[in-house]
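The values are calculated or read from the model by the stated rules, or taken from the named source; none is laboratory data. Please read these numbers as outputs of a predicted model, since none were measured by experiment. With ideal geometry, Cβ positions are generated from the backbone for all residues, glycine too; neighbour counts draw on all protein chains shown. Surface areas here come from the heavy atoms of the whole protein model, side chains and all, with no ligands, DNA or RNA. Shrake-Rupley method; radii C 1.70, N 1.55, O 1.52, S 1.80 Å.
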Amino acid sequence: MVTQSLTDPLITLQGVTKSYRQPNGQEVIILEPIHLMLRPGEIVALLGPSGSGKSTLMRMIAGLIPPTSGQVLYHDRPLVGLNPGVAIVFQSFALYPWLTVLENVELGLKAKGEPAAPRRQKALKMIDVIGLDGFENAYPKELSGGMRQRVGFARALAVEPELLCMDEPFSALDVLTAENLRFELLDLWLERRIPTRSILIVTHGIEEAVILADRIVVLGRNPGRIRADLPVTLPHYRDRKSPAFQALVDQVYKILTHPDLQEIEPPAPVSTPHEPSPEPTKYQSLPSVRIGSIAGFLELLEDRQGDLYRLAQEFLMEVDDMLPIVEAAQFLDLVAVREGDISLSSVGQQFISSGIDERKHIVRTQLLAHIRLVQQIYRLLQAKRDQRLPEELILDILEPHFTAKEAQRQFNTAIDWGRYAELYSYDEPSGEIFLEAATTPELVVTNP
Ligand code: ADP
Ligand code: MG
């Protein structure tokens with residue numbers, strides 16, 4: 001064991017990046033150089049939209065995957081292989097169905113080579129701490145989701161990790177169960193009933209981050225990068241309804257809904273040279289949202305104007321569900337978002353007061369004016385004599401800029417949007433995109 005002062009960082013990320021090589025040989029950057037320190041005594045929330053690289057970053061800290069470049073330091077020493085100080089709680093619980101609760105909890109200790117007797121004793125103690133008393137011999141399938149995740153917590157905590165990592169640990173649970181477990185974990189942490197020195201929680205829930213964390217590190221996507229590193233100084237237990245709480249939620253919301261905002265309080269780089277940032281992405285990253293839901297959302301906005309966060313509450317929508325819709329509407333210039341407030345743009349106003357044909361026309365104009373991928377598909381179609389394109393062509397164009405999965409999503413979105421606007425059609429069985437002569441709009445595509 002290395003002796004440490006209280007403020008020495010547990011984990012230091014020095015210019016850590018991750019990229020993956022596509023089957024076509026292209027390198028896709030998942031995370032730009034990340035500089036980050038995790039210190040004892042703090043709960044850090046890693047918050048960001050899906051695909052921003054939160055899980056990837058956590059896995060690198062845990063030593064489950066190596067960085068492409070840069071270094072992960074554990075107690076100031078380069079990490080090689082699995083991080084001995086880390087245990088992970090997964091969203092999916094990741095329990096072995098053929099093992100009892102006790103056996104599942106013992107697993108981590110067993111992997112560390114703990115002899116049978118102390119292993120059992122430590123596991124039983126953690127089972128008690130975590131509220132699983134009496135369920136030692138139950139099998140996972142006999143337990144509710146909340147109880148299963150307790151097993152996940154007990155298994156991670158039994159090894160007494162210095163850093164407890166949790167990847168969206170509450171998101172598979174119902175709202176009430178999640179809230180109970182959240183506060184129980186907070187109790188254990190605040191009352192120091194668990195030996196963990198620091199907690200890293202990956203989440204896409206703003207409120208969850210503000211409830212639990214001492215620091216919120218906001219990630220952006222394409223490529224993943226740190227956009228803000230915000231201290232949370234509100235005392236526990238935090239009141240969701242208090243003005244200070246709401247102000248912080250609004251602030252984070254603002255950062256998340258402004259993908260183009262400059263970094264807020266960028267974290268001080270750790271002294272290490274890092275490679276220059278890659279070329280900016282040529283394509284916008286289109287949120288995976290159907291035009292129908294954008295239309296529905298705009299109709300909800302009619303006669304309403306205001307705070308995004310409170311709108312989400314009013315509509316009982318998770319912030320993370322609403323963000324992509326807002327982002328899509330912003331891309332199409334149908335809404336204006338300022339300082340966390342959203343309102344219909346003049347085009348958006350016109351959209352909701354129009355009938356279906358006029359709506360299609362509006363979307364057509366907006367797509368050709370603002371969405372690069374749609375412009376490109378449309379131009380390529382016009383250039384082809386038979387006015388047909390194989391989807392592979394578009395996917396190949398996209399794949400240098402996105403992962404294969406994300407390229408497919410971008411393609412699907414561009415197809416959905418273009419189809420709605422009757423710019424082009426798509427034949428699923430043959431995978432061909434084609435212009436429909438009868439509906440070809442007389443629109444000139446201007447250069448973006
Ligand atoms: P988050 O947890 O924030 O949703 P992830 O870290 O899971 O994000 O993924 C970030 C990006 O990296 C995604 O676009 C995902 O598709 C991509 N990705 C993750 N793992 C791999 C992999 N093994 N190969 C290729 N791409 C990957
Ligand atoms: Mg994830």
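Could you tell me whether Ala138 is at pLDDT below 95, open to solvent by 10 Å² or more (accessible area, probe 1.4 Å), assigned by TED's automatic domain parsing to the domain that holds Arg119 and part of a loop (DSSP other than H, G, I, E, B)?
no
Quick check on my filter: what residues within the range 409-439 are of a type in the set (S, T, N, Q) and either touching a helix residue (DSSP H, G or I) at 6+ places or on another chain (Cβ under 7 Å) or under 18 Å from Val363 (Cβ atoms) (or both)?
Within the range 409-439, Gln410, Asn412, Thr413, Ser425, Thr439 qualify.
Would you be able to tell me the number of residues in the range 39-89 that are free of Cβ contacts under 8 Å to residues at least 60 places away in the same chain, open to solvent by less than 20 Å² (accessible area, probe 1.4 Å) and within 13 Å of ligand 1 (Cβ to nearest atom)?
1
Go through (1) in contact (Cβ under 8 Å) with a residue 60 or more places away in the chain; (2) open to solvent by 20 Å² or more (accessible area, probe 1.4 Å); (3) touching a Phe, Trp or Tyr at 6+ places or on another chain (Cβ under 8 Å) for Gln387 and report which single condition fails.
Result: Gln387 fails condition (1) only.
Counting only residues that are at pLDDT below 90 and not hydroxyl-bearing (Ser, Thr, Tyr), which one in the range 92-107 is most open to solvent (accessible area, probe 1.4 Å)?
Restricting to residues being at pLDDT below 90 and not hydroxyl-bearing (Ser, Thr, Tyr), the top hit is Ala94.
Identify, please: which residue in the range 367-384 is open to solvent by 20 Å² or more (accessible area, probe 1.4 Å) and closer than 16 Å to Gln284 by Cα and is, among those, nearest to ligand 2 (Cβ to nearest atom)?
Arg372
I'd like the full set of residues that are at pLDDT 90 or above and either in contact with a strand residue (DSSP E or B) (Cβ under 6 Å, 6 or more places away or on another chain) or outside any helix (DSSP H, G or I) (or both), limited to the range 388-402.
Arg388, Leu389, Pro390, listed by residue number.
Taking the stated definitions as given, is Val249 away from ligand 2 (no atom under 16 Å from the Cβ) and either in contact (Cβ under 8 Å) with a residue 60 or more places away in the chain or touching a Gly at 6+ places or on another chain (Cβ under 7 Å) (or both)?
It is true that Val249 is away from ligand 2 (no atom under 16 Å from the Cβ) and either in contact (Cβ under 8 Å) with a residue 60 or more places away in the chain or touching a Gly at 6+ places or on another chain (Cβ under 7 Å) (or both).
Could you tell me which residue of the range 397-422 is most open to solvent (accessible area, probe 1.4 Å), considering only residues that are without any contact (Cβ under 8 Å) to a residue 40 or more places away in the chain and within 13 Å of ligand 1 (Cβ to nearest atom)?
The extreme case among them is Lys405.
Considering the range 25-38 alone, what residues qualify as being more than 9 Å from ligand 1 (Cβ to nearest atom) and under 11 Å from Gly224 (Cα atoms)?
Those that are more than 9 Å from ligand 1 (Cβ to nearest atom) and under 11 Å from Gly224 (Cα atoms): Ile29, Glu32, Pro33, Ile34.
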